[in-house]
Amino acid sequence: MSATCVVGLQWGDEAKGKIVDFLSDEHDFVVRYNGGNNAGHTVVWGDRKFALSLLPTGILRSHMTAVIGNGVVVFPPKLLEELASLKEAGIDAKDRLRVSANAHVIFPYHVAEDVECGGKATIGTTGRGIGPCYSDKVNRANGIRVGELLNPEHLKTRLSDIIPRKNKVLKALAQDPDKVPQFEVEKVWKEYAEMGDKIRPMVTDTAMLLHDALKDRKKLLFEAAQGSLLDIDHGTFPFVTSSHSLPSGIWSGTGVPARQLTRIIGVAKAYTTRVGSGPCPTELTDGPEGIGERIRKIGREYGTVTGRPRRVGWFDALAVRYSAALAGCDEITVMLLDVLSGLDEIKVCVGYEYEGKKINYFVSDGVELAKCKPVYETIQGWSEDISKARKLEDLPVQARRYVQYLSDLIGLPVSVISVGPDREQTILNKISG
Ligand code: IMP
């Protein structure tokens, strides 16, 4: 039995796609269990670059069956667009994609609600309709699942009930009621029934598919979207996403029980980034000539989905230790280490000052975390370009010490160090914590 989970330990964008791609060879199924097209996963193969937001990254590998589990929210235009762009790049993936009939569907009114009714303005959401779609799922009366797209008459009945209600809600809640879009049942129905027909061959009971795969001794790779600190329950609420990005989401979001997991790999950057609103205690706000801007430029820290510049800060060991514990990680990976080359000194947050005391644990409440000031240890940097390092010994001693230090602080081995976006720019090594 083998089931691996790759999960981000910060606020998303930890370069999980690269690790998933790396592990693809040894797995048969790649499974997404949470989020939707708010995620941004980039994989670089030589001069080819793929950016996916809804499809699991592992779909790029022709031996893999890719699964969109019931815990994902599906925006059908994006699903079809990503399949088409893969086809253009020579990857025909539609026969290898399975979409849960129980996954909920994002409609244009969800996007309008997210953008016009506060989500984007207060939480800094990606504006993709994620929160409103999950709200409708939990609220039930307005939620529509992928399986329902396959029955046009039924879909029309549902939309005829829901859309007039949604139009009223949008008018009532929009910051600018005169500008908020209104939706026509007939138009939305036609578009979605048509898309439903296109995705029909891919729709199935993915929970049973995965259980059968496990019985056949197939190897499953679960690909988390977003980071653990954006988890709806354990993240920095309210500045979080609407799903369970921690591996706890696997059970409910795919139907595969947690005890099937044999390996949980936590992915962390060598520094911190965050997009959208919410506290980030180690954020560097040292201006256009500062270290924050330098890391942003070298690390190309701009959102894959929205293009927004990411907020950048030093590594926060309290945050990663918290996430790794909640995720149940066996090991961690340190990504984008090359981005820190050329800094004389590197800071690592090892404590917070909170309500007049020094504490050594993470504060997960978003409002309380904003009151925490980082306490740093400073360690020596390195000047060498490390992007060509392929084994631990190729790294300057200071870079090795830095990784060892992170491993010690988190209390877990570091199994992979990434020194560039390409698959080759990877050091496989066990640094024990
Ligand atoms: P939502 O997921 O669009 O509702 O956005 C909620 C918060 O999660 C915002 O701060 C987003 O910027 C953040 N977020 C959502 N998806 C990602 C991701 O894949 N990477 C990083 N941040 C994300």
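How tilted is helix 185-199 with respect to the longest principal axis of the chain? Cα atoms for both, answer in degrees (0 to 90, nearest 10).
60
Loop-only trypsin sites (Lys or Arg not before Pro) in the range 374-433, please: DSSP not H, G, I, E or B, and at most 16 other Cβ atoms within 10 Å.
On the way: sites: K388, R390, K391, R400, R401, R423, K430; in loops: K388, R390, K391, R423.
Answer by residue number: K388, R390, K391, R423.
What is the antiparallel percent of DSSP beta bridges lying wholly in the range 277-433, to the nearest 5?
Numbers: 17 of 22 bridges.
Here the antiparallel bridges make up roughly 75 percent for the range 277-433.
Report ³J(HN,Hα) in whole Hz for each residue of the range 287-298, in order, from the Karplus equation J = 6.51 cos²θ - 1.76 cosθ + 1.60 where θ = phi - 60°; Gly and Pro get x.
x, x, 9, x, 5, x, 5, 4, 5, 4, 5, 5
Let's test the formula: R0 of 30 Å, r as the Cβ-Cβ distance of K371 and I298. What FRET efficiency results, to the nearest 0.05?
Rounded to the nearest 0.05, the efficiency is 0.45.
Quick one: divide the alpha-carbon radius of gyration of the range 42-162 by 2.2 N^0.38 Å and tell me what you get.
On the way: Rg = 15.9 Å, N = 121, 2.2 N^0.38 = 13.6 Å.
Compared with the compact-globule rule of thumb, the range 42-162 sits at 1.17.
Using +1 on the beta carbon of Lys and Arg, -1 on that of Asp and Glu, and nothing else charged, what's the dipole of the range 200-268 about the Cα centre, debye to 20? Display every interim value, and only then the final one.
Working: 7 positive and 6 negative charges, 68 e Å.
Dipole about the Cα centre, nearest 20: 320 debye.
Going by a ≥ b ≥ c, the root eigenvalues of the Cα gyration tensor, does the range 143-219 fall in the rounded group (a/c under 1.5), the prolate group (a/b larger than b/c) or the oblate group? All intermediate terms of the calculation are to be shown ahead of the outcome.
Details: a/c = 3.50, a/b = 2.25, b/c = 1.56.
In terms of gyration-tensor shape, prolate.
Could you list, in their original order, any pairs among K219/K391; K120/K166; K49/K198; K78/K187; K49/K388 whose Cα atoms are separated by more than 21 Å?
Violating the 21 Å limit, Cα to Cα: K219/K391; K49/K198.
Taking amide H positions as placed 1.01 Å from N in the peptide plane, with prolines and chain starts having none, which residues 5 or more places from R98, or on another chain, fall under 5 Å of its amide H?
A66, V67, I68
With each label point set 7 Å from Cα along the Cα-Cβ vector, what nm distance links Q404 and S252?
Modelled inter-label distance: 4.3 nm.
May I ask for the distance between the Cα centers of the range 16-31 and the range 279-342, given as a whole number of Å?
23
Return the sequence-ordered ³J(HN,Hα) values of the range 378-385 in whole Hz as given by the Karplus equation 6.51 cos²θ - 1.76 cosθ + 1.60 applied to θ = phi - 60°, using x for Gly and Pro.
In residue order, the calculated couplings are 10, 10, 6, x, 9, 9, 5, 6 Hz.
Quick one: which of 257-268, 219-230, 148-159 comes out on top by average Cβ neighbours within 10 Å, and what's the full order, highest first?
Highest mean packing first, the order is 219-230, 257-268, 148-159.
Filter the GluC sites (Glu not before Pro) in the range 231-312 down to the DSSP loop ones having no more than 13 other Cβ atoms within 10 Å, then list what survives. Kindly include the intermediate steps, with their values, before the conclusion.
Working: sites: E283, E289, E293, E301; in loops: E289, E301.
Those satisfying the criteria are E289.
Taking a ≥ b ≥ c as the square roots of the Cα gyration tensor eigenvalues, with a/c under 1.5 meaning rounded and otherwise prolate when a/b beats b/c, else oblate, which class fits the range 174-236?
Values: a/c = 4.69, a/b = 1.40, b/c = 3.35.
Oblate, since a/c reaches 1.5 and b/c is not below a/b.
Bear in mind that the values in this text are calculations on the coordinates, not laboratory data. Keep in mind that this is a model prediction, so the values were computed, not measured. In this analysis, Cβ positions are derived from the backbone assuming ideal geometry, glycine residues included, and neighbour counts consider all displayed protein chains.
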